[in-house]
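These notes are about the structure you will find just below.
The values are calculated or read from the model by the stated rules, or taken from the named source; none is laboratory data. Worth saying up front: this structure is predicted, and the values here are computed from it rather than measured. With ideal geometry, Cβ positions are generated from the backbone for all residues, glycine too; neighbour counts draw on all protein chains shown.
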Amino acid sequence: MSMKGIGIVSCVVAMLFSSVALAQEAPNSDAATLPSPGVFMLRQQFRVTNYDSSDPLNHQRDITDYTLMTRLSYGFARDWSINFEQPITFRRIDEARSTDYNDSFGAVDGKIWLKWRPLKWDHAAIDTTRVAFTAGVSLPWGEDSERSGSSFSSNSFDPFFGVVMTHIRGRHGVNLGARYRVNFGDDDLKGHPHTVGPGMTKHDLVNLDASYVYRLWPQSFTADSHGAVYWTTELNSVIETNSDHELFLSPGLMYEASSFTLETSLQVPVWQEIEERSKTDWSWVFGVRVQW
Amino acid sequence: MSSLIFKVAFMFVVMVATVQQLWAQPATQPARFELTDAKQLIEAPSKAILAVKGLSCPQCAGNIERQLDRIKAVQEFKLDLDDGIVTLTLRDKSSVSRDRLAKAVEDAGYTLDKVWAQPAGE
């Protein structure tokens, strides 16, 4: 699908959601929220990511990833949840010098982590401030495609930990999060021609996210309110310890009901300094969350 | 003339007695009262009114509803998100303690501020 096509689809989805009404966790950032004890949450996100053809590795090519991410969270105690995430990706590489596409498909490294929310200050009926900590490990069962040369794995168990703060006041919500992932992977992927995603090089990875969530509708909740529409604006930064870094601006929309959430967002880079992998050109995500 | 004065005086006495009687009329229903003791019970047909802090989104409504649904005594749930007021209708001949309601609210991830018992019909 061309970028123009994706843009049109994004606009249509955004228009659909703007006619309804939505959550505090933006599509690309974490929040200090978790399911309550005995409650499951399933989150699925379909993401299309296009990588810049004029990458620093000097390959004239166009790379597009179509990723379906599935996350299952379970609240096993008050203020504690266990989370498992598994993405699968279809990658299409369009080499400028070839008439054929180079396709690969497979599971990307999974992740399992615990989330603990020890700090909570509920100031008023709606206003609250919460802080949560995460710790987990990525599981190196992502697939490598010999034919295309694509790798969906860092080939190592990589621990990560993070902290996230959520503050909500009336119609406004702010989330600030930081996460550090240690990469124990070998050096094989460094400079590999098809190393495209952040975290796929042999470097530690830092994610810094800030999101602002504004409730567009309703202006005030009533006893008859069953849903809400939110406008989200995110700044997502990806920093690798080799000093490669990208900063994205991510506007989006969410509709939240009592048992499900719909979300969409477009990510565009506003600052990039990349030397060892392809630059991200843009990314679009559509997702759904269901609780039961 | 004395007859007229007598009639006016009689009517005045009747009016004062009537007003006094109405003034002293006790309320037909006792007013709602706050539960401050953890073990204090709310018994049906009274309703439980909960003031909850931190309910910031529709998903929060779902979270608290799921936890309150686990209390057998709770028959019906109504939430006003903007004021953080949860109104619970209890099943016939059932009761629930303030302690149990506080546990459900805390498990859902929120803070229970106050609980009132509201007698039926109020």
Legend entry - Of all residues making up segment B:51-80, the number that are under 19 Å from A:LEU34 (Cα atoms), more than 8 Å from chain A (Cβ to nearest Cβ) and touching a Ser or Thr at 6+ places or on another chain (Cβ under 8 Å): 0
Inset, instruction - Scan segment B:34-50 and give yes if some residue there is within 12 Å of chain A (Cβ to nearest Cβ) and touching a Leu at 6+ places or on another chain (Cβ under 9 Å), otherwise no. - result: yes
Legend entry - Those residues of segment A:238-267 which are of a type in the set (D, E, K, R), over 14 Å from A:TRP284 (Cβ atoms) and surrounded by 21 or more Cβ atoms within 10 Å (Cβ to Cβ), in sequence order: A:GLU240, A:GLU256
Inset, instruction - Could you list, in sequence order, all residues of segment B:31-73 that are aliphatic (A, V, I, L, M) and more than 15 Å from the chain's Cα centre (by Cα)? - result: B:ALA38, B:VAL52, B:LEU55, B:ALA61, B:ILE64, B:LEU68, B:ILE71, B:ALA73
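Here's the yes/no breakdown for (1) in contact with a strand residue (DSSP E or B) (Cβ under 6 Å, 6 or more places away or on another chain); (2) closer than 15 Å to B:PRO119 by Cα; (3) at pLDDT 80 or above; (4) outside any loop (DSSP other than H, G, I, E, B):
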site: B:VAL16; (1), (2), (3), (4): no, no, no, yes
site: B:GLN20; (1), (2), (3), (4): no, no, no, yes
site: B:GLN59; (1), (2), (3), (4): yes, no, yes, yes
site: B:GLU76; (1), (2), (3), (4): yes, no, yes, yes
site: B:ASP82; (1), (2), (3), (4): no, no, yes, no
site: B:VAL86; (1), (2), (3), (4): yes, no, yes, yes
site: B:THR89; (1), (2), (3), (4): yes, yes, yes, yes
Legend entry - Search result, residues across segment A:193-234 that are buried (at least 22 other Cβ atoms within 10 Å of the Cβ), touching a helix residue (DSSP H, G or I) at 6+ places or on another chain (Cβ under 8 Å) and modelled with pLDDT of 90 or more: A:ALA228
Legend entry - Identity of the residue in segment B:81-96, over 15 Å from the mean Cα position of the chain (by Cα) and more than 17 Å from B:ARG70 (Cα to Cα), that ends up farthest from the other protein chains (Cβ to nearest Cβ): B:LYS93
Inset, instruction - Run down A:LEU235, A:LEU262, A:LEU253 and say which single residue is closer than 29 Å to A:ARG61 by Cα and of a type outside the set (Asp, Glu). - result: A:LEU235
